[in-house]
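The values are calculated or read from the model by the stated rules, or taken from the named source; none is laboratory data. No experiment lies behind these values; they were computed from the predicted model shown. Note that we place each Cβ from the backbone using ideal geometry, even for glycine, and neighbour counts take in every protein chain shown. Note: areas computed on protein heavy atoms with side chains; ligands, DNA, RNA excluded. Shrake-Rupley method; radii C 1.70, N 1.55, O 1.52, S 1.80 Å.
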Amino acid sequence: MFERIRTLWPDSIILTSDASSGSGDPIWSVVHCYDSLEPQIDHDDWLAIGAWSFHQALTELARLKLESGSKMVFPAEVSLEAFDANMRENLTDETWQEERSRYGH
């Protein structure tokens, strides 16, 4: 699932300020990419929670890149460990009880 979700993202994302968001936060570049993925995944619960978990890991990576002065993030750099940690945290919500019991098997 991790590899499948990673392939939905572009190879790189330029982290630029977004005046339309009103915040000027370059993280909005990642958010806009996620928003463009939603129509491709909204029919599949596993893809939806996986894409959200990947988005969370990518957002954290983008924040680290920005702190180090980089204006670009590469989805290929998201680690399986970061994705998995977000998946496990997201699956703790009671609405995902059935999926939680199957995740990791």
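The portion of the accessible surface of the chain made up by carbon and sulfur, rounded to a whole percent, is 51 (1.4 Å probe; DNA, RNA and ligands excluded).
Solvent exposure of the chain amounts to 59 Å² per residue of accessible area, where only protein heavy atoms count and the probe is 1.4 Å.
Charging the Cβ of each Asp and Glu at -1 and of each Lys and Arg at +1, and nothing else, the dipole of the chain about its Cα centre rounds to 340 debye. Against the chain, whose longest principal axis is taken from its Cα atoms, helix 45-67 shows a tilt of about 30°. Computed over the range 31-105, relative contact order equals 27 percent, with contacts defined as Cα pairs under 8 Å that lie 6+ residues apart. Cα axis of helix 28-41 to longest principal axis of the chain: angle in degrees, 0 to 90, nearest 10? Taking the Cα atoms of the chain, the angle to 28-41 is about 40 degrees. Principal-axis analysis of the Cα atoms of the chain puts helix 80-90 at an angle of about 70° to the longest axis.
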